[in-house]
Each structure stands twice: as structure tokens, then as C-alpha cells.
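> Have a look at this one before I ask anything.
The values are calculated or read from the model by the stated rules, or taken from the named source; none is laboratory data. Worth saying up front: this structure is predicted, and the values here are computed from it rather than measured. As a convention, Cβ positions derive from the backbone with ideal geometry for all residues, glycine included, and neighbour counts pool all protein chains shown.
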Amino acid sequence: MEGPHDVAFSIRLLKSIFDVQEVKNFKELEDAVRVLVPNVFPHDNDLLKRVPVPTFLQNKDVCIAVHAAGGEDAIPETVGDTLGALEGENVYSVGAILDTDSKKSAEVRSSDLVSAFLELDIDFPHAAGDVSMGPLKKGYYILPDNKNKGTLEDLLLESGEVQYKFLLDAARVYIDSIDGLCTGPEYKEFRKPAGKNKALIGAVASVLKPGKAIQNSIQDNRWFKEDALSIKSIADASKFLSQLFDFKD
């Protein structure tokens, strides 16, 4: 996954689709995937760098490792390193989720990603949202809908209209009231194309999970649960993950 919010989103949907639980105790982790847990600190000799430990979801039959790659350019390398580390194990599926919060269109991001995978001799589908069949299922999904520019926040806003409308309406009043005042260099993140949407979600999440990161709210609150799962954009992402990790085939 591209970043921590995408990881939280994916985990929340996977838990809704499959009977899997997050692994917290290393001793409970499947032996085959323990190689994905770094055993050296500091990572890359950098004391401030987060140790890249995947989040593991598993049940008695399967284990899913969800990585935060740290950006679009790092996704192919993360996938390649993971497949290399698990060589010889029973790997059934591999996928990626990213967004279009950039100057690139979804089509360009798709083309760039497929080309980067080919350089690593990994043949991914050419169309976002497709899942290749075979011994190793592969696919990638570009938020919000594989076509339009946007981010995970677009899905969160759609969900917010259903799950937290009164909070979202109040957050819009607040963000609109300060919009014209946030013009200095400190507000460059706010002025980015997705900045206001991120601020809106942050304002709602700060009420649901005061003092905690947005990904905590994505995991624990109702953004991607209950009625929100019927929203088309969220249902389409769920369908992709369901096809990618259909272990019955």
C-alpha cells in the first residue's frame, strides 16, 4: 500500500470481507512469513526511520501481510523484495493500492506502475482494478475509482455523508471559515489539491479519536463498516480485494 492511511483502509476492508484477525504477538505469526519482520535496528542505520514491519492478518488457513511502501515509487520494490523473501513459500496473491493525488492521471500512474513491475520481471495487469488469474493472482487499485483524480479522502467523505453527517457538516463550516486566511507558507499542505479534504477528515477524526492519527479512526470507527460498505466506490474497492484474495480458487 502507498501509505499508512491506505494500509488502515485495506485492513478495515479485509476484516469486513474475510474472517481474519490482526496478529500482535510474534509467536502467533505463521513461520513462513516471519522472514518479513526486520530483525535489525536501526533500519538503514537511521534511528528516526520507522522499522518497515508489515501488518499481518491471518486465520487458520491464510496470512496476509500489508505493507506501507511509503510512496508510489517504492511500491514495486516493496512487492519485489517481499516475493523474493517468500520464494519457495505458498504465495497466492499480491496487490497494491495507491491514489491519484498528483499531477499524473490514473492512466499514467497505471502505466508507470506496470512498467516498473516489468523491470522486476513481475507481470501485472495493464488495467487498474483487474486481477490476473493463475498460480499468483496480481492486481492494483488506484483510488478513488481507477479513473478520476483523487485520494482515499474522497471515499472517506462519501462515507462521512452516511456515517457522520453532522460532524462532517460542522467540519465544513469550520474549514470554509478559515480557507481565505490560510495563505502563508505554513499552509502549503492545506493548499494542495487534496489538502482541504484531508483537513475535513482530520477534523472529524479528531472528535472520534482525539489526539490520535487518522488511521486509528479508520480502523476503529464506522468509516468502512455497516452502511458505508454499500457505497459504490467502497463496494468496488471491496470487490477488488475479494477477487485478489479469493483463496477458494
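> In region 122-169, what residues are part of a strand (DSSP E or B), touching a helix residue (DSSP H, G or I) at 6+ places or on another chain (Cβ under 7 Å) and not β-branched (Val, Ile, Thr)?
Lys137, Gly139, Tyr140, Tyr141, Leu143
> Among the residues of region 193-211, what is the count of those that are surrounded by 13 or more Cβ atoms within 10 Å (Cβ to Cβ) and assigned to a loop (DSSP other than H, G, I, E, B)?
3
> Something else now. Go over the candidates Phe117, Phe41 one by one and state the one that is closer than 30 Å to Ala194 by Cα, hydrophobic (A, V, I, L, M, F, W, C) and over 18 Å from the mean Cα position of the chain (by Cα).
It is Phe117.
> Let me ask something else. Residue check: is Asn90 assigned to a loop (DSSP other than H, G, I, E, B), surrounded by 13 or more Cβ atoms within 10 Å (Cβ to Cβ) and not small (Gly, Ala, Ser)?
In short, no.
> Right, here's the next one. Condition check: under 22 Å from Ala237 (Cα atoms) and surrounded by fewer than 14 Cβ atoms within 10 Å (Cβ to Cβ). Does Asp19 satisfy that?
For Asp19, the condition - under 22 Å from Ala237 (Cα atoms) and surrounded by fewer than 14 Cβ atoms within 10 Å (Cβ to Cβ) - is met.
> Would you mind finding the one in Thr55, Thr78, Thr82 that is among the hydroxyl-bearing types (Ser, Thr, Tyr), without any contact (Cβ under 8 Å) to a residue 40 or more places away in the chain and either at negative phi or assigned by TED's automatic domain parsing to the domain that holds Ala235 (or both)?
Exactly one of Thr55, Thr78, Thr82 is among the hydroxyl-bearing types (Ser, Thr, Tyr), without any contact (Cβ under 8 Å) to a residue 40 or more places away in the chain and either at negative phi or assigned by TED's automatic domain parsing to the domain that holds Ala235 (or both), namely Thr78.
Let's see how each residue does on (1) assigned to a loop (DSSP other than H, G, I, E, B); (2) out of contact with any helix residue (DSSP H, G or I) (no Cβ under 8 Å at 6 or more places or on another chain); (3) among the aromatic types (Phe, Trp, Tyr); (4) surrounded by fewer than 18 Cβ atoms within 10 Å (Cβ to Cβ):
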residue: Lys27; (1), (2), (3), (4): no, yes, no, yes
residue: Val40; (1), (2), (3), (4): yes, yes, no, yes
residue: Lys49; (1), (2), (3), (4): yes, no, no, yes
residue: Ile97; (1), (2), (3), (4): no, no, no, no
residue: Lys103; (1), (2), (3), (4): yes, yes, no, yes
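> Next up: Show the residue pairs meeting these rules: Cβ distance below 7 Å; 6+ apart or different chains; first residue within region 1-15 and at pLDDT below 95; second residue charged (D, E, K, R).
Glu2/Glu72; Glu2/Asp99
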